[in-house]
Amino acid sequence: MSEIQKTHRPKRPEFRNINALNDLPGYRFPLAAIVSGMHRASGLILFLAMPFIIWMFDTSVSSEFSFSRFALVFQQGVGPFPGILMKLAALGLIWAYLHHFFAGIRHIRMDISHNVSKECGRSTAVTTLILSLGLTVVLGAKLFGVY
C-alpha cells in the first residue's frame, strides 16, 4: 500500500443528537437570519392584528364623529385599556409594518439580483434595521406628541 493510504486522517466529530436546551442557546445567529426571522414575526403580527387594523381604518375614515371617537381612544383609552396602551399597540403595528415592508424589499432585491453573499446579506440586514427602527422612532415621536 502506498503512504497516502496508510496515514490516518483525524476523525471529524459526529453530532447525532442535538440537545436543544444545551446546544442552541450558545448558537449565535447571523444578523441576516435575525432580520429574516423578524420579517416572519412582523408578518404574523400584522396578520393577527388585522381586525384591529380594519377597525382603526374604518373608525378613522367613516365620519367626523367617528374620527373624533377614534382620536379619543388614543387619549383616554377604551374599556380597561388606557390610552397609552393603545398608543403602544399602534407603535408596535407601525414597527411591524415598516419592518415587514423593508425586509420584503430586501428579499425581492436579493431574488432579482441573485446576490446572496454573506457581505450583501449583512449589509442589507443592517439597512433594513436602520430604516425600520429609524422611521418607527420618527413616527412614534409624532404619535406620542413630541412634535
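Throughout, read-outs are computed from the coordinates displayed, never taken from laboratory work. This structure is a prediction, so every number in the text was calculated from the model and none was measured. Counting neighbours? That spans all protein chains shown, and the Cβs are built from the backbone with ideal geometry, glycine included.
Here are a few things to note about the model shown:
- Across region 17-29, computed HN-Hα scalar couplings (Karplus, 6.51 cos²θ - 1.76 cosθ + 1.60, θ = phi - 60°) run 10, 9, 8, 4, 6, 9, 8, 6, x, x, 7, 9, 6 Hz from first to last residue, x flagging Gly and Pro.
- Taking the fewest neighbouring Cβ atoms within 10 Å as the starting point, the ordered list for Lys11, Lys118 is Lys11, Lys118.
- Which label in (i) 19.3; (ii) 15.4; (iii) 18.6 gives the computed Kirkwood radius over Cα pairs in Å: (i)
- Modelled FRET efficiency - R0 30 Å, Leu72 with Arg40, Cβ distances, 0.05 increments: 0.30
- Here the spin labels are modelled as points 7 Å beyond Cα on the Cα-Cβ line, and at Tyr27 and Val126 they lie 2.5 nm apart.
- The string of couplings for region 83-96 from the Karplus curve (6.51, -1.76, 1.60, θ = phi - 60°) is x, 5, 5, 5, 5, 5, 5, 5, 5, x, 5, 4, 4, 4 Hz, one whole number per residue in order, with x for Gly and Pro.
- Rg/Rh for region 3-83, where both radii come from Cα atoms and Rh is the Kirkwood radius: 1.46
- Listing Phe101, Phe57 from fewest to most neighbouring C-beta atoms within 10 Å gives Phe57, Phe101.
- Calculated FRET efficiency, Ser117 to Val138, Cβ-Cβ distance, R0 = 41 Å: about 0.85 to the nearest 0.05.
- Calculated FRET efficiency for the pair His107/Arg12, C-beta based, R₀ 35 Å, to 0.05: 0.55
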